[in-house]
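Participant: Can you read through this structure? Questions will come right after.
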Number of protein chains: 2
Amino acid sequence: MENYQSPQRDAQFVAYELFDFQSHYDRLGFSEASQDLVKAIHTEAAKFADNILAPINQIGDQQGCTFDEGTVTTPKGFKEAYQQYVEGGWPSMSHPEKWGGQGLPYSLSTSIAEYFSGANHAWAMYPGLSQGCISTILSHGTEEQKARFLPKLIEGQWAGTMCLTEAHCGSDLGLLRCKAKPNEDGSYSLTGTKIFISAGEHDLADNIVHVVLARLPDAPAGTKGISLFIVPKFNVTEDGEVADRNQVTCGSIEHKMGINGSATCVINFDNAKGFLIGAENRGLNCMFTFMNVARIGTGLEGMAASEAALQGALRYAQDRVQFRSPTQRDGTAPADEIIVHPDVRRMLLTQKAFAEGGRALAYYCMQQVDVSQHSESAEKQQLAEARLALLTPIVKAFLTETAQEATSYGIQVFGGHGYVREWGMEQLARDTRISTLYEGTTGIQALDLLGRKVLGSNGELLSVYIKEISDYCEAFNGDVPQQHWCDTLQGYMQQWQELTHHVGSQAATNPDELGAASVDYLMYSGYVTFAYYWLRMATTASTKLAEGATETDFYQGKIETARFFFERLLPRSQSHAAGVKAGAASLMSIGESMFKA
Amino acid sequence: MENYQSPQRDAQFVAYELFDFQSHYDRLGFSEASQDLVKAIHTEAAKFADNILAPINQIGDQQGCTFDEGTVTTPKGFKEAYQQYVEGGWPSMSHPEKWGGQGLPYSLSTSIAEYFSGANHAWAMYPGLSQGCISTILSHGTEEQKARFLPKLIEGQWAGTMCLTEAHCGSDLGLLRCKAKPNEDGSYSLTGTKIFISAGEHDLADNIVHVVLARLPDAPAGTKGISLFIVPKFNVTEDGEVADRNQVTCGSIEHKMGINGSATCVINFDNAKGFLIGAENRGLNCMFTFMNVARIGTGLEGMAASEAALQGALRYAQDRVQFRSPTQRDGTAPADEIIVHPDVRRMLLTQKAFAEGGRALAYYCMQQVDVSQHSESAEKQQLAEARLALLTPIVKAFLTETAQEATSYGIQVFGGHGYVREWGMEQLARDTRISTLYEGTTGIQALDLLGRKVLGSNGELLSVYIKEISDYCEAFNGDVPQQHWCDTLQGYMQQWQELTHHVGSQAATNPDELGAASVDYLMYSGYVTFAYYWLRMATTASTKLAEGATETDFYQGKIETARFFFERLLPRSQSHAAGVKAGAASLMSIGESMFKA
């Protein structure tokens, strides 16, 4: 977005005032990650996002990628920006020093990824996919594979992808057909076609390292017969240099609703040389390691879009004059800035509540990832993993679903001008529309949350989180209105448990009850989760004001937005509770031939 | 949409089984409008929509309109389709025979307009705007003006526009600046620039007749100083033939999110010759006549998009296989059609409930327009106008807001494929995004409903409608579940009144309470209004089944969808009720400088 400003102040608030990242980093041994250093890194990242990425966002949308006989050209400025990104050392930030990384925390590189995505979602896809590829090789590759592929990937000289989807299978990977045949030298020959491969082919990097799901000969059917392979675009010598071209080609790129600057490719493997990562037939398990982190990243994209939409709408609302306010102005101007109108404020506050509530939840998850990766205490690691298991589908789906509303309001606040391309608001809505689809649709996240995580753990994962919230509320000792919100939230904790028990007992006799309740259950969970973070943000802000902080607008804004959230958005949870309780019958009793009018 | 099929069966159901259009037309003296004739016209309209308009919908999106030195070229096929439209006699259907029309009811031409819009929203804008221009001249023009302009407009040889918006004023027309200077010959010279003029310039017709809002010299400021003018692109001789070019030029066209085949123009008037319509300074009042009908038309566009999204998603859900159903299939296939999954059904049923509920509400409104235009009873006319006054903002805003959700589900059911252009689902979402913006945003409709209509009539307009619904429920004598839904609906009628009284009393002391409650009030009104029509549709379907109707799928589908609506969608009204009751404080107490993070 043209005038995007990376929200550094709020990032600092969430990291250091809300979640005390200083102690957090100290505890994990990141002694070099001082608040000053983190702030300096955020400032540099913000400059890159605001001054380099944002100005090429609109042109990226207009030009899109172009495909010509297997090669993909990214829009004007994308390559130069990527070079600056590499020169700035951004790709290596949170990777191990052993492979050329800087050894900084995951939460640091991920939090600045918000700025990149907010400034230019399409561009940010390229480094984002590389990070997924790197994480997978780091977690599951052999030492030799790491030595061969990681240094250039971590440096950013090479880029990476994740190749999962095929034409006939997206959500249901058990159906995939791509084949891998073992060669005598220990490598494999892969044959098949993958679709929807983001960053599958482009002109930004010297090589592209694909991480590919495929089946070995005689592998079991379904998800238990899928293995994971490294398949580079150019073969790589043992000492990690580019060699001859591998049999990997881009067949075409998709024409999409948005993120036009991001190449979405059909990738053909034609006896392409690859290397097995992890154990045979355990590819999906290896993939899930990556997917959980990728899902937090997708949630972050949604939140970044909500923030960008708020910024655009707020500027317009403070500039555009239309109608008089009956109460807010005493002047004689023929019309006032539209921010005086209650319904415009309702839209702006919804955007703010979603963007900043989403930031809080995302940072909380990043903090848990740090702990799960670096804590010396097995118990703390397990607790962090338990929290992440529960919250990952929420952060992915709820932050992207709310982004649909926030970016739609970005258009709506602009009126007809929002529908016109030049203002960038409609691009935000188009770009962010992908985020409820890829990395697992909202429906898939909802089944993961309710089925695998909540009921799959017999409620254990949920109880851990509810206990955290209840403990917070019980220990709370503050002023109204926060005390009142605490009481409200306690009531929701009870309802959350009740709804869970209700669905659990229904689903025990009819498995369709699970899918019938799942999306409403997820949305309910999102609203009450946000309530927890909004309560904490308001309380933190109150404390700062009581301590005499001078940024009264900032802190008072937090308290007011929390109020708006509790009074105006949280009640939406009751519609979702009703959806959870409605049961499967009204969905399943209608015959398939009765849908058509 | 490529595979769009005009929903003729449901149109017949709504018109003849639900609302008894046969008696309705008989009562109004449309003796020639027999059910057979209406059905034949619908069939022909459906052929035109499905076979001519739908196939050029996607190419219209891809090519868009092109602008070159003042001329606008529409996409390939648009002009030929328009010629067929004119040759088919479609433009003249519901206009007076005196001016070359066919004298058929408004509801007939409007109901088939759904098909055109569902097949090709962008194309349908051109005839749609002409209808607005014709209605305005019919209602407010002099006999001489009618004789000069109407025959060619009604024939379709000429097209028309409505020129309201200027760069600095959209919703708030009181700010407009375009000037009209009287000439000695009784005509006027108009100078100024209008923006967002749909169909403002194109290559479909021999002339374009603009209806323009402008200010006379020394006119009062604000809305009371606006007059309405006819300003043709080519001057017109007294006997209605095209003469020399008028000083009306197209300055540019907008690049938009969607409806790319519809030219959205900047129109410059440079001492252009025009003719006053209606009384001086009463232009806005003349405009409102047209706007109410145009708002029903916009609601219809939303409903048509919901229908098209349902059609696409349903086809895909019956074809695409992914995952096994735990309960719906006993086969050994590796995966089932995704329509077996409860959450896919939730999305499809939401689309169906919105599309068909919207059709019922839209037809009800059309019926009222027929009565208001043609009834011989002043009392019945007044009742129809009272109903329309209340329902117009609901049909406009609720059918377009629900279309956002329905078209988004169109994408979502397709997964990643929904985001790709070739399937047409993302185009539907982009095209229909305009509909909550133009003809008055949702916020403007909500203020119209709550402020002007409900509170402005001291609750009278609402009471008339609530009485209709309550009378229906009280007289109801049917089976469960309809009896149960009746009771539910009665409860909502009480809540609707209570919410109204609540806002009314709040707003009496603080006018911001009105804007704070308005959009939630409108959405609440939409859900309970739909409940009424879904109850009636279910009851009608039950009766048909009891009478031995053979189309059991069709009728049973109505009953099942009503059930879904009552169990799953109607509870959303409670979130909106909470929004209405939340009050203005949480919106207004935050300082303007506190919005930014």
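The rows are residues; the columns are (1) in a helix (DSSP H, G or I); (2) of a type in the set (A, V, I, L, M); (3) modelled with pLDDT under 95.
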position	(1), (2), (3)
B:11	yes, yes, no
B:16	yes, no, no
B:22	yes, no, no
B:29	no, no, no
B:39	yes, no, no
B:44	yes, no, no
B:49	yes, yes, no
B:62	yes, no, no
B:86	yes, yes, no
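Participant: Identify, please: which residue in region B:472-487 is in a helix (DSSP H, G or I) and buried (at least 17 other Cβ atoms within 10 Å of the Cβ) and is, among those, nearest to the other protein chains (Cβ to nearest Cβ)?
Facilitator: Result: B:485.
Participant: Can you tell me which of A:184, A:144 is open to solvent by 10 Å² or more (accessible area, probe 1.4 Å), more than 23 Å from residue A:95 (Cα to Cα) and not in a strand (DSSP E or B)?
Facilitator: Numbers: A:144 fails: more than 23 Å from residue A:95 (Cα to Cα).
Step by step, each of A:184, A:144 is checked, and only A:184 is open to solvent by 10 Å² or more (accessible area, probe 1.4 Å), more than 23 Å from residue A:95 (Cα to Cα) and not in a strand (DSSP E or B).
Participant: How many of the residues in region B:436-448 are in a helix (DSSP H, G or I), within 11 Å of chain A (Cβ to nearest Cβ), open to solvent by 10 Å² or more (accessible area, probe 1.4 Å) and not small (Gly, Ala, Ser)?
Facilitator: Residues meeting the conditions: 2.
Participant: Report, ordered by the first and then the second residue, all pairs with beta carbons closer than 7 Å, sequence separation of six or more or different chains, a first member in region B:542-563 that is more than 10 Å from chain A (Cβ to nearest Cβ), and a second member that is open to solvent by less than 40 Å² (accessible area, probe 1.4 Å).
Facilitator: Going by the 7 Å Cβ cut-off, the qualifying pairs are B:542/B:478; B:542/B:482; B:542/B:559; B:544/B:555; B:545/B:555; B:549/B:555.
Participant: Right, something else. Pairs please, first residue from region A:468-479 and closer than 18 Å to residue A:364 by Cβ, second anywhere and open to solvent by 80 Å² or more (accessible area, probe 1.4 Å), Cβ atoms under 8 Å, 6+ apart in sequence or on different chains.
Facilitator: Every condition considered, the pairs that remain are A:473/A:487.
Participant: Restricting to region B:568-597, what's the tally of residues that are over 30 Å from the mean Cα position of the chain (by Cα) and free of Cβ contacts under 8 Å to residues at least 12 places away in the same chain?
Facilitator: 11
Participant: Just checking, does region A:324-347 include any residue being within 8 Å of chain B (Cβ to nearest Cβ), open to solvent by less than 20 Å² (accessible area, probe 1.4 Å), of a type outside the set (Ser, Thr, Tyr) and within 23 Å of residue A:129 (Cβ to Cβ)?
Facilitator: no
Participant: Separate question: Go through region B:564-597 and give me each residue that's of a type in the set (Val, Ile, Thr) and facing another protein chain (nearest Cβ under 9 Å). Can you show your working first?
Facilitator: Taking region B:564-597 and keeping what is of a type in the set (Val, Ile, Thr), we get B:580, B:590.
Answer for region B:564-597, where residues must be of a type in the set (Val, Ile, Thr) and facing another protein chain (nearest Cβ under 9 Å): just B:590.
Participant: Could we say that residue B:518 is within 8 Å of another protein chain (Cβ to nearest Cβ), touching a Lys or Arg at 6+ places or on another chain (Cβ under 6 Å) and open to solvent by less than 10 Å² (accessible area, probe 1.4 Å) here? Lay out the reasoning, then the answer.
Facilitator: On the way: within 8 Å of another protein chain (Cβ to nearest Cβ): yes; touching a Lys or Arg at 6+ places or on another chain (Cβ under 6 Å): no; open to solvent by less than 10 Å² (accessible area, probe 1.4 Å): yes.
Against the criterion (within 8 Å of another protein chain (Cβ to nearest Cβ), touching a Lys or Arg at 6+ places or on another chain (Cβ under 6 Å) and open to solvent by less than 10 Å² (accessible area, probe 1.4 Å)), residue B:518 does not qualify.
Participant: Separate question: Can you tell me which condition residue B:530 does not meet? The list is (1) within 12 Å of chain A (Cβ to nearest Cβ); (2) closer than 30 Å to residue A:516 by Cβ, and all the others hold.
Facilitator: Of the numbered conditions (1) within 12 Å of chain A (Cβ to nearest Cβ); (2) closer than 30 Å to residue A:516 by Cβ, the odd one out for residue B:530 is (1).
Participant: Here's a check for you: in region B:47-104, which residue that is of a type in the set (Val, Ile, Thr) and in contact with a Cys (Cβ under 7 Å, 6 or more places away or on another chain) is surrounded by the most Cβ atoms within 10 Å (Cβ to Cβ)?
Facilitator: First pass over region B:47-104, keeping only residues of a type in the set (Val, Ile, Thr): B:52, B:56, B:59, B:66, B:71-74, B:86.
From what is left, the residues that are in contact with a Cys (Cβ under 7 Å, 6 or more places away or on another chain) are B:72-74.
On the way: B:72: 20, B:73: 17, B:74: 25.
Residue satisfying both the conditions and the ranking: B:74.
Participant: Right, here's the next one. Which ones in region A:263-300 are of a type in the set (S, T, N, Q) and outside any helix (DSSP H, G or I)?
Facilitator: We begin by selecting, within region A:263-300, every residue of a type in the set (S, T, N, Q); these are A:264, A:268, A:271, A:281, A:285, A:289, A:292, A:298.
Answer for region A:263-300, where residues must be of a type in the set (S, T, N, Q) and outside any helix (DSSP H, G or I): A:264, A:268, A:271, A:281.
Participant: Given the condition more than 14 Å from chain A (Cβ to nearest Cβ), within 30 Å of residue B:366 (Cα to Cα) and open to solvent by 40 Å² or more (accessible area, probe 1.4 Å), answer yes or no: does some residue in region B:303-322 qualify?
Facilitator: no
Each row is one residue, and each column tells you yes or no for (1) surrounded by fewer than 23 Cβ atoms within 10 Å (Cβ to Cβ); (2) free of Cβ contacts under 8 Å to residues at least 12 places away in the same chain.
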| site | (1), (2) |
| --- | --- |
| B:409 | no, no |
| B:414 | no, no |
| B:419 | no, yes |
| B:428 | no, no |
| B:434 | no, no |
| B:450 | no, no |
| B:462 | yes, no |
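Participant: Would you check if residue B:40 is in contact with a helix residue (DSSP H, G or I) (Cβ under 7 Å, 6 or more places away or on another chain) and farther than 19 Å from residue B:199 by Cα? Break it down stepwise before answering.
Facilitator: Details: in contact with a helix residue (DSSP H, G or I) (Cβ under 7 Å, 6 or more places away or on another chain): no; farther than 19 Å from residue B:199 by Cα: yes.
Taking the combined requirement at face value, the residue does not satisfy it.
Participant: Something else: Regarding residue B:292, is this residue more than 20 Å from residue B:196 (Cα to Cα) and more than 14 Å from chain A (Cβ to nearest Cβ)?
Facilitator: On the way: more than 20 Å from residue B:196 (Cα to Cα): no; more than 14 Å from chain A (Cβ to nearest Cβ): yes.
Criteria not met by residue B:292.
Participant: Looking at region A:17-27, which of the residues that are open to solvent by less than 30 Å² (accessible area, probe 1.4 Å) and out of contact with any Ser or Thr (no Cβ under 6 Å at 6 or more places or on another chain) is farthest from residue A:377 (Cα to Cα)? Step through it out loud before you land on a result.
Facilitator: Step one: list which residues in region A:17-27 are open to solvent by less than 30 Å² (accessible area, probe 1.4 Å), which gives A:18-19, A:21, A:24-25.
When the remaining residues are screened for being out of contact with any Ser or Thr (no Cβ under 6 Å at 6 or more places or on another chain), the result is A:19, A:21, A:24-25.
Numbers: A:19: 19, A:21: 18, A:24: 13, A:25: 14 Å.
Per the criteria, the residue is A:19.
Participant: Moving on. Only one of these conditions is not met by residue A:487: (1) in contact (Cβ under 8 Å) with a residue 24 or more places away in the chain; (2) among the charged types (D, E, K, R); (3) under 19 Å from residue A:563 (Cα atoms). Which number is it?
Facilitator: Evaluating residue A:487 over (1) in contact (Cβ under 8 Å) with a residue 24 or more places away in the chain; (2) among the charged types (D, E, K, R); (3) under 19 Å from residue A:563 (Cα atoms) leaves (1) as the failure.
Participant: While we're on this one: Being within 14 Å of chain B (Cβ to nearest Cβ) and either among the aliphatic types (A, V, I, L, M) or surrounded by 20 or more Cβ atoms within 10 Å (Cβ to Cβ) (or both) is true for just one of A:190, A:204, A:173, A:213. Which residue is that? Before the answer, list the steps.
Facilitator: On the way: A:190 fails: within 14 Å of chain B (Cβ to nearest Cβ); A:204 fails: within 14 Å of chain B (Cβ to nearest Cβ); A:213 fails: within 14 Å of chain B (Cβ to nearest Cβ).
A:173 is the lone residue from the list that is within 14 Å of chain B (Cβ to nearest Cβ) and either among the aliphatic types (A, V, I, L, M) or surrounded by 20 or more Cβ atoms within 10 Å (Cβ to Cβ) (or both).
Participant: Any residue in region A:414-431 that is at the interface with chain B (Cβ under 8 Å from one of its Cβ atoms), over 18 Å from the mean Cα position of the chain (by Cα), assigned to a helix (DSSP H, G or I) and on the phi > 0 side of the Ramachandran plot?
Facilitator: Yes.
Participant: Restricted to region B:67-117, and to residues that are free of Cβ contacts under 8 Å to residues at least 24 places away in the same chain and hydroxyl-bearing (Ser, Thr, Tyr), which residue is nearest to residue B:5 (Cα to Cα)?
Facilitator: Among them, the one singled out is B:109.
Participant: Take region A:542-559 and flag every residue that is among the charged types (D, E, K, R), assigned to a helix (DSSP H, G or I) and either in contact with a Gly (Cβ under 8 Å, 6 or more places away or on another chain) or open to solvent by 50 Å² or more (accessible area, probe 1.4 Å) (or both). Step through it out loud before you land on a result.
Facilitator: Initially, region A:542-559 is screened for residues among the charged types (D, E, K, R), giving A:544, A:547, A:551, A:553, A:558.
Applying the additional criterion that residues be assigned to a helix (DSSP H, G or I) yields A:544, A:553, A:558.
Selection gives A:544, A:553.
Participant: For region A:502-513: of the residues being open to solvent by 40 Å² or more (accessible area, probe 1.4 Å), in contact (Cβ under 8 Å) with a residue 40 or more places away in the chain and in a helix (DSSP H, G or I), which is nearest to the other protein chains (Cβ to nearest Cβ)?
Facilitator: Step one: filter region A:502-513 for residues open to solvent by 40 Å² or more (accessible area, probe 1.4 Å), giving A:502, A:505-506, A:508-511.
From what is left, the residues that are in contact (Cβ under 8 Å) with a residue 40 or more places away in the chain are A:502, A:506, A:510.
Subset that is in a helix (DSSP H, G or I): A:502, A:506.
Values: A:502: 15, A:506: 12 Å.
My answer is A:506.
Participant: Filter region A:377-403 down to the residues that are touching a residue at least 12 places away in the same chain (Cβ under 8 Å), over 30 Å from residue A:425 (Cα atoms) and open to solvent by 10 Å² or more (accessible area, probe 1.4 Å) and list them by number.
Facilitator: So in region A:377-403, the residues touching a residue at least 12 places away in the same chain (Cβ under 8 Å) come out as A:383-403.
The next check asks that each one be over 30 Å from residue A:425 (Cα atoms); those that pass are A:383-390.
A:383, A:385, A:386, A:387, A:388, A:389, listed by residue number.
The values are calculated or read from the model by the stated rules, or taken from the named source; none is laboratory data. All of these numbers come straight from a predicted model, not from anything done at the bench. Virtual Cβ from ideal backbone geometry, glycine too; neighbours counted across all protein chains shown. Protein only, heavy atoms only, side chains kept; ligands, DNA and RNA dropped before computing areas. Shrake-Rupley method; radii C 1.70, N 1.55, O 1.52, S 1.80 Å.
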